[in-house]
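The values are calculated or read from the model by the stated rules, or taken from the named source; none is laboratory data. In this text, all values refer to a predicted model and were calculated from it rather than measured experimentally. Quick reminder, even Gly has a Cβ in these numbers, built from the backbone with ideal geometry, and neighbours come from all protein chains shown.
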Amino acid sequence: MLEDLIEDSAVPTDEVPLETPAPEPASEADEFARAVQEMSAEELERATRTVRKGQLIRGTVVHVDENGVLVDIGTKSEGVIPPNELTRLPNQPPEEVVQVGQEIDVVVLKPETEEGQVILSKKRADYEVTWNRLEEAIQSNETLHGTVTERVKGGLMVDVGVRGFVPASHVGMSRTPLPDSALEKYVGQTIPLKVLEVDRVHRKVVLSNRLAEAERREQERQQVFASIQEGQVIEGKVRRIVDYGAFIDLGGIDGLLHISEISWKRIKHPSDVLREGDRVRVQVLRVDPATRKVSLGMKQLIPDPWLEVEKQYQVGQVVTGKIARLAPFGAIVDLPGDLEATIPLSELSTRRVRSAAEVVQEGQEVEALVVQIAPAEHRMVLSLRRLQKQREEQENRQLREHYGSTGSRGFTIGEVVGRNFGTETEAGEPSSNNEGEEQASAE
């Protein structure tokens, strides 16, 4: 009976619809959760990223004007660099310091202002980055560059992002401290530097220009030496002249030009041909990788006159030259054609001599007879003695021929001597002073 009552009271579902309860309004937590789910990983990181005071971070410049610089540092809002926190240099416009799109290092001064902005400083970031770099440079022996701002007692002050000091003994290539007058010329220049000392606590930096220059020159020497080959013709500058030759600067390394390789003929001293500062063309003769020594030659770039000597000179020829120098074995004669020859002591005179100075002097012009030519040995021998004897024999032969042709009684030694001293007539007869007396005797 109870079941019948329940059935009678039931309402058919197709006649009375069920009511759906209204949804409850979403909470703020739900809204935030849904927004987070819709964010990309990058947007989520930007929204949740926080910065702390003093933090050094890297950002990208998004806007520049006279009021400052906006920097994207990966937070929900850009950071702001006030003009006075942009650079250490006074009155420098912001657009000359940074450009839109440039990545820069900044230090957080205020994590968030009332307006929700992050206040940044590039100037302080540069300062910290510089100290980090200086500490790294002293460990890695890196070469830095700095601008000399002023000359002070005992050295130079330089700007390497912070103020640094270069002692006078570390300026230039010399270990000797430069005088103040020499230091003055460096002011305003940008010079290479090695870090000697960094004291971050006391803000002290000591640097060396000498060590940086020495490293640079060594690198140049290695490059030049690696490029030099035997037989190569290069141009260099005469850096220093010594008794045995000259040192030629080849652009980082010095090569030795020996005195014997300067000219085909012997010279007294390299300064007879070269001057310091001259630009010269030389040929590389030898390269020693072990000692890094380079031997050079100049005479190889001009024709060897001894190759053509036999076309210009022959044995028995009489030549004219100038006494270049005297030697214990005789005299050296300069000849046309960039040649030189030797007159031994035994060929200087018909009489016995102990020194060439007894017969000739430097600079004197002489005639001599060629008695030997040895092109392979670069040697030519001359003789004054043989030329003198040859001329005497020729003269005697002419006298004999002369008197023989006139049919005279011949000639005496006195007549020959008289002829030599100009006391006889052209026909070999007594001079005009005795002419009348001879005629009277004949009558």
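Values computed for the structure shown
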| item | result |
| --- | --- |
| Criterion: at pLDDT 95 or above, surrounded by 12 or more Cβ atoms within 10 Å (Cβ to Cβ) and not in a helix (DSSP H, G or I) - qualifying residue of Val360, Val381 | Val381 |
| Residues of segment 272-328 satisfying the condition of being more than 18 Å from the chain's Cα centre (by Cα), hydroxyl-bearing (Ser, Thr, Tyr) and not assigned by TED's automatic domain parsing to the domain that holds Val371 | Thr291 |
| Scan of segment 267-302 for residues that are exposed (fewer than 15 other Cβ atoms within 10 Å of the Cβ) and closer than 21 Å to Ala324 by Cα, ordered by number | Lys268, His269, Ser271, Asp272, Arg275 |
| Matching entry among Ser181, Ser140, Ser169 (being polar (S, T, N, Q) and either under 30 Å from Val71 (Cα atoms) or in contact (Cβ under 8 Å) with a residue 24 or more places away in the chain (or both)) | Ser169 |
| Residues located in segment 144-162, provided they are over 24 Å from Lys122 (Cα atoms) and outside any loop (DSSP other than H, G, I, E, B) | Glu150, Arg151, Val152, Gly155, Leu156 |
| Test for Val319: is it over 20 Å from Leu339 (Cβ atoms) and either assigned to a strand (DSSP E or B) or touching a Gly at 6+ places or on another chain (Cβ under 6 Å) (or both) | no |
| Count of residues meeting criterion [out of contact with any strand residue (DSSP E or B) (no Cβ under 9 Å at 6 or more places or on another chain) and modelled with pLDDT of 90 or more] in segment 327-349 | 2 |
| Leading residue by the ranking (surrounded by the most Cβ atoms within 10 Å (Cβ to Cβ)) among those in segment 363-378 that are charged (D, E, K, R) and part of a strand (DSSP E or B) | Glu367 |
| Meets criteria (in contact with a Pro (Cβ under 9 Å, 6 or more places away or on another chain) and either outside any strand (DSSP E or B) or under 30 Å from Asp304 (Cα atoms) (or both)) for Ile248 | no |
| Close pairs (9 angstrom Cβ cut-off, 6 or more residues apart or separate chains): at positive phi in segment 347-369, small (Gly, Ala, Ser) anywhere | Gly363/Ala324 |
| Residue count for segment 79-91, restricted to those that are crowded, with 20+ Cβ neighbours inside 10 Å and either in a strand (DSSP E or B) or modelled with pLDDT under 90 (or both) | 3 |
| Members of segment 264-280 that are farther than 13 Å from Phe247 by Cα and either of a type in the set (Asp, Glu) or in contact with an Asp or Glu (Cβ under 9 Å, 6 or more places away or on another chain) (or both) | Trp264, Lys265, Arg266, His269, Asp272 |
| Selection from segment 134-158 of residues that are over 23 Å from the mean Cα position of the chain (by Cα) and surrounded by 15 or more Cβ atoms within 10 Å (Cβ to Cβ) | Leu134, Ala137, Ile138, Val148, Arg151, Gly155, Leu156, Met157, Val158 |
| Given (1) under 17 Å from Lys204 (Cα atoms); (2) in contact with a His (Cβ under 7 Å, 6 or more places away or on another chain), index of the condition Asn132 fails | (2) |
| Segment 332-357: number of residues that are of a type in the set (A, V, I, L, M, F, W, C), in contact with a helix residue (DSSP H, G or I) (Cβ under 8 Å, 6 or more places away or on another chain) and either assigned to a strand (DSSP E or B) or under 29 Å from Gln300 (Cβ atoms) (or both) | 2 |
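Yes/no per residue for (1) charged (D, E, K, R); (2) at pLDDT 90 or above; (3) over 27 Å from Glu197 (Cα atoms); (4) not in a helix (DSSP H, G or I):
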residue: Thr60; (1), (2), (3), (4): no, yes, yes, yes
residue: Thr75; (1), (2), (3), (4): no, no, yes, yes
residue: Val98; (1), (2), (3), (4): no, yes, yes, yes
residue: Thr113; (1), (2), (3), (4): no, no, yes, yes
residue: Ile119; (1), (2), (3), (4): no, yes, yes, yes
residue: Tyr127; (1), (2), (3), (4): no, no, no, no
